[in-house]
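Working notes, structure below.
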Amino acid sequence: MKRKILMFLAMVLSFMAFSTISFAELKTKFYGYQWIRYTDVIYGKDKQGESGMSIQRTYLRWKMEDADAGWLGELTLDINNVKGGQEVSTSSANTGATDADGPGTTITVTHTHTYDKASGKLDFAIWPKYAYVDFRKIPLLSDFDIKLRIGIQKNYFGTVELWEYPLIEKDISDLRKVISSADMGIALLGELPEGYGSYEIAMHNGKGYKNLEDNVEKQYTASFMIIPLSGLTLRASYMMNNQAAHGTAEKTKRATAAFAQYRTNIFFPFELLGEYVVVTDPLASVGGKSGVSVGYTFFGKFDVLEWMGICLRYDNWNPDTNKTNDESNLYIAGINLKINENNLLQLNYQLEQPQFGGYSATSHKNTWMAQLKWSW
């Protein structure tokens, strides 16, 4: 896995290096940011959970562009600091013996495997989050203002690539693992005339950017956004992901998302957003389960002062429509304090609890977070 990632990165860097030599008008930019976070979790009224400091995200970003040649490349390294870290496990297997080993000899070989996701012993791990090239001057495509993107890139679905973390929590699709925020693949990205919207059609591996593919089928996504009025944005998205074999319908996960967003500067800048998500996963429809999940979110952002904003959010998630009273609510309130152009302090409180009664007090999860986002 690591070898394949390194080979892919080498290809991207080689392309960029070659272009640096070949084109005089090449523009480059190196920048990044880091999130330093304190988290304190309390279950119920006083049962202490996780508490501590962490560096949740470090992004190192490199962009290169040659406008005359019609291409733009981006490489973003995601340095993750996850509680528990990257998991490493060992296993042993008896392989048998040859005549040269002597009669009755058993050979034990120990294998070490590093998993694709950070959830084990190494606190820091690194992945390429984005590693792609945009081609903007391909004949026929450029006539319709369409660019071709190849590599590890954003998933265009619902709000997953639009969420700029005004609150610390992920957007609902990323949080509930409907779709990964980035993946390896190929996409066509188009713009509607006069700035009235955009659309995206993509084919990705479907495993997420922290995992290389081992699936036969791919993930297909389509998204269409329109801006009918100034400040109003509407979007509909569709995803089909078969990680099994050859398009078997009973193994194909599907998801749809629709959202409306309104931004204005009346009295003071504010933003309102609502999103609805439906997921159908036949592999989860066992033991009387429907395999259908439904969720919705409402979000509001109010910039009451030039240096201070208030954010509110409510999520409802129903993990299985066949089961009654299993929905959960998520309430989040946050204050954003702009220290300067490169530093933002975020203070968040969130409460996750069952929607209906009859649960123990410790089912109510209170999370307090303070996060400094700084960039360069």
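Side notes on the structure shown:
- Taking each residue of the range 256-271 that is closer than 18 Å to residue 222 by Cβ and looking for partners that are surrounded by 14 or more Cβ atoms within 10 Å (Cβ to Cβ) and of a type in the set (S, T, N, Q) with beta-carbon atoms closer than 6 Å, six or more apart or interchain, yields 257/237; 259/159.
- Residue list for the range 278-305, restricted to those being without any contact (Cβ under 8 Å) to a residue 12 or more places away in the chain and assigned to a strand (DSSP E or B): 305
- Pairs where the first residue, in the range 330-347, is free of Cβ contacts under 8 Å to residues at least 12 places away in the same chain and under 17 Å from residue 366 (Cα atoms) and the second is part of a strand (DSSP E or B) and among the polar types (S, T, N, Q), C-beta under 9 Å, 6+ apart: none
- Filter result for residue 26 (surrounded by 11 or more Cβ atoms within 10 Å (Cβ to Cβ) and at pLDDT 90 or above): no
Listed here are the residues, each with its yes/no results for (1) modelled with pLDDT under 95; (2) touching an Asp or Glu at 6+ places or on another chain (Cβ under 8 Å); (3) within 15 Å of residue 283 (Cα to Cα).
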| residue | (1), (2), (3) |
| --- | --- |
| 214 | yes, no, no |
| 225 | no, no, no |
| 230 | yes, no, no |
| 233 | no, no, no |
| 236 | no, no, no |
| 253 | yes, yes, yes |
| 258 | no, yes, no |
| 262 | no, yes, no |
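- Residue match in the range 275-296 (condition: in contact with a Leu (Cβ under 9 Å, 6 or more places away or on another chain), within 30 Å of residue 341 (Cα to Cα) and not basic (Lys, Arg)): no
- Filtering the range 266-320 to residues that are small (Gly, Ala, Ser), farther than 22 Å from residue 206 by Cα and under 22 Å from the mean Cα position of the chain (by Cα) leaves 274, 300.
- Comparison of 373, 323 shows that the only residue that is basic (Lys, Arg) and modelled with pLDDT under 95 is 323.
- Subset tally (residues that are in contact with a strand residue (DSSP E or B) (Cβ under 7 Å, 6 or more places away or on another chain) and either over 30 Å from residue 349 (Cα atoms) or outside any loop (DSSP other than H, G, I, E, B) (or both)) for the range 170-194: 13
- Each residue in the range 322-335 was checked for being more than 22 Å from the chain's Cα centre (by Cα) and not basic (Lys, Arg), and 6 of them qualify.
- With respect to the conditions (1) without any contact (Cβ under 8 Å) to a residue 12 or more places away in the chain; (2) in contact with a Leu (Cβ under 6 Å, 6 or more places away or on another chain); (3) of a type in the set (Phe, Trp, Tyr), residue 163 falls short on a single one, namely (2).
- Matching entry among 159, 221, 233 (being in a loop (DSSP other than H, G, I, E, B), closer than 30 Å to residue 315 by Cα and not hydrophobic (A, V, I, L, M, F, W, C)): 159
- The range 120-156, subset at positive phi and part of a loop (DSSP other than H, G, I, E, B), residue farthest from the chain's Cα centre (by Cα): 140
- Looking only at residues of the range 164-195 that are farther than 17 Å from residue 298 by Cβ and small (Gly, Ala, Ser), we find that the one that is surrounded by the fewest Cβ atoms within 10 Å (Cβ to Cβ) is 195.
The values are calculated or read from the model by the stated rules, or taken from the named source; none is laboratory data. Not measured: the values here are computed from a predicted model. All Cβ positions, glycine included, derive from the backbone under ideal geometry; neighbour counts span all protein chains shown.
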